[in-house]
Amino acid sequence: MTAWKSELLCTAFNAAQLPQPRGPEVAFLGRSNVGKSTLINALLARKLAKVSSKPGKTRSINFYEVSSGGFFLVDLPGYGYAARGKDERQAWWRLINEYFGTERDIAFVVHLVDFRHGPLANDDELTAWLDGMDMPRLVVFTKGDKISRGRGKVMYDRYVGDGLVSIAPPVVTSGKNDAEAERLRRLVIQIIHELGSAGRDGGVI
Ligand SMILES: Nc1nc2c(ncn2[C@@H]2O[C@H](COP(=O)(O)OP(=O)(O)OP(=O)(O)O)[C@@H](O)[C@H]2O)c(=O)[nH]1
Ligand SMILES: [Mg+2]
């Protein structure tokens, strides 16, 4: 597969700033600092999304157009950042509700989970909320490089055995590996096709 051609389409801090829907969107959700922006950069093979070692970096909804594919990757702010108070938590839910509540073609959610911890309470809360909307999701574990291979296998089996729901077997990433990004690119395209979101606006190649 040739590299995706991409660009930042829009940054939205509220519903009024959301772009007009123009094609299938893949929404990246997960706790603050889990690696959403890093994974988007790996997929786009460009440093378009801002990454930080401090949680709470992404505060807006950022739309990246994969112009060679006719779909969009959507980087959302993370949740569960301990330094944020109740007001920020409410603001986060408001923004997320606005995004999911508008008439858009959200093909599926990539739910990122830190491989070292597995799903935590606020991941479960998000999962239940997405279930309530029948929103399909792909679980991607990040920071897999921080766990030894042997231990990783045991942990993977445990997380999956505990009832993680994912439209394809969860993928473990390290955020830096080209072959891994390439596999995930193929999977994203395959899922968009299988879910039937493709083709409405020129199609996904
Ligand atoms: N070792 C390792 N570090 C990672 C990986 N993914 C992300 N990181 C690091 O984790 C930190 C957070 O990454 P971000 O991509 O900014 O995380 P985010 O989920 O976008 O965070 P917010 O925007 O705050 O919600 C950065 O220091 C990254 O370099 C990974 O798979 N392995
Ligand atoms: Mg981010």
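All of the numbers you see were taken from the coordinates with simple rules; none came from a lab. Treat the numbers as computed from the prediction; the structure is a model and nothing was measured. Virtual Cβ from ideal backbone geometry, glycine too; neighbours counted across all protein chains shown.
Details
- Residue in the stretch 70-88 that is farther than 25 Å from LYS143 by Cα, in contact (Cβ under 8 Å) with a residue 12 or more places away in the chain and not hydrophobic (A, V, I, L, M, F, W, C) present: yes
- When the criteria are applied in full, ALA91 fails the requirement of being away from ligand 2 (no atom under 14 Å from the Cβ) and part of a strand (DSSP E or B).
- Positions within the stretch 24-68 being more than 12 Å from the chain's Cα centre (by Cα), buried (at least 21 other Cβ atoms within 10 Å of the Cβ) and either among the basic types (Lys, Arg) or at positive phi (or both), in sequence order: ASN33
- Search result, residues across the stretch 24-57 that are among the polar types (S, T, N, Q) and near ligand 1 (Cβ under 6 Å from one of its atoms): SER32, ASN33, SER37, THR38, SER52, SER53
- Any chance PRO77 is surrounded by fewer than 18 Cβ atoms within 10 Å (Cβ to Cβ), assigned to a loop (DSSP other than H, G, I, E, B) and within 12 Å of ligand 1 (Cβ to nearest atom): no
- Residues in the stretch 44-63 that are touching a residue at least 24 places away in the same chain (Cβ under 8 Å) and either over 17 Å from PHE13 (Cβ atoms) or away from ligand 2 (no atom under 12 Å from the Cβ) (or both): LEU44, ALA45, ARG46, LEU48, PRO55, PHE63.
- Options VAL172, VAL113; residue that is within 16 Å of ligand 2 (Cβ to nearest atom) and surrounded by 12 or more Cβ atoms within 10 Å (Cβ to Cβ): VAL113
- Picking from residues in the stretch 144-171 that are within 16 Å of ligand 1 (Cβ to nearest atom), touching a helix residue (DSSP H, G or I) at 6+ places or on another chain (Cβ under 9 Å) and in a loop (DSSP other than H, G, I, E, B), the one that is farthest from GLU125 (Cα to Cα) is ILE147.
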